[in-house]
Structures are given as C-alpha cells and as structure tokens.
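The values are calculated or read from the model by the stated rules, or taken from the named source; none is laboratory data. Values in this document were obtained by computation on a predicted structure and should not be read as measured data. When we count neighbours, we look across all protein chains shown, and the Cβ atoms used for this are built from the backbone with ideal geometry, even at glycine. For accessibility, only protein heavy atoms count, side chains too; no ligands or nucleic acids. Shrake-Rupley method; radii C 1.70, N 1.55, O 1.52, S 1.80 Å.
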Amino acid sequence: GQNGAGSLRCIEFSGSDIWAGGAGGGLWFGDFVSGSSYNWSPRTDGISNLSVQDVVIAPTNSNIMYAITGAVGGASGYRSTGVLKSTDGGNNWSATGLSFPANGGARGYKILCSQTSANVVWACTTQGLYRTTDGGTNWNLVTYSTTIGGAQTALNGVCFDLEYQPGSTTVMYTTTED
C-alpha cells in the first residue's frame, strides 16, 4: 500500500502517555486522561519533514528525545531528512548533525538510545548504521572487525533494525541488507 498521513509508523510510551509517529502526519503526543482516553496534540508541525519513522525517549533523561524521519515505502514525499532531537520533552524539535537532502533517496528505519547515556544514539538508515556519542552533533558510520584479519568494515548498507540483547547494555544485534 501507499504511505498516508494516517499511517502510524511507531509508538513510544512515557508512563501512561503515548507518542505516535506518522508516515505523513508527524509526531503526536497522547496525554493520558483516564481508562483508554487521551488528549492528542501534534508536536512536530513546525518541522520540514512530517514523516516520522521512529522515536525514542532517552532512558536516562525523559526530556531528551530523538526521532528519525523518512517513512518506509515508495512515495517520494516520505524521504528522510535525518534525525531530529528534542531537549524539552518533545515540545520543540531541531535537526541534528545527521541530515540527508530532502530530494535524496535516504530513508530512516530505527533510532535507538543508549541505556546508560542520552548522548549515545544509533540510527538505522538506507545509508548505513550511524552512531553519535555527543548528543547528535557528530555522527559516524559504525564499523566492525572481522574475525579473520581484524579489518575494520563500515556497516554502510541498509540497516533495518537494532536492539539490545535482553539484560545487556553493551551487546546489540542489527539486521542489515548485507
């Protein structure tokens, strides 16, 4: 199917409240009222790309959030422009150092924040797996060492997903195209 403004791409819980990201509708905050009732409000109407593929709240500081743009699908209007950051609990958003041209072919898939530092974040994209250690100012392609020869190789193919091993803050698994 085609991506649409009503197509949800991600949800993130913050206590009883909910954050929901849409393919063309931006990021919405659901303020819990009672039972199954929420007051919903848009939080990214002022940004240039309303395509939010994933959002994460830093485990060590709930005021810091990251969102990756670029919904997965074929519509050209849903390309990634990179990673956004909020330092005030999602009220205001700004671009980070990981950006892509709006007319390019990049897509964002997954954003993951370190369990021990709000400044360490990983971004899965069609351009590879990126990592920042300074809160999003600078990003680098992640490299790994092969078991034969120990050569450093960049994960510069499509990176789809990244998760911590349950119970670990250092071991992670990723899915890639390669």
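Observations
- Size descriptors for the chain: radius of gyration and Dmax over Cα atoms are 16.2, 58 Å.
- Rolling a 1.4 Å probe over the protein chains gives ASP161 an accessible area of about 60 Å².
- Calculated on alpha-carbon atoms, Rg and Dmax of segment 23-106 in Å: 13.5, 43
- Across the chain, the relative contact order, built from alpha-carbon pairs under 8 Å that are at least six residues apart, equals 13 percent.
- Contour excess over end-to-end distance, with Cα ends at THR116 and GLU163 and 0.36 nm allotted per residue: 15.5 nm
- Paramagnetic reach from THR176 (point 7 Å along Cα→Cβ, amide N under 14 Å) across segment 118-137: 123-131
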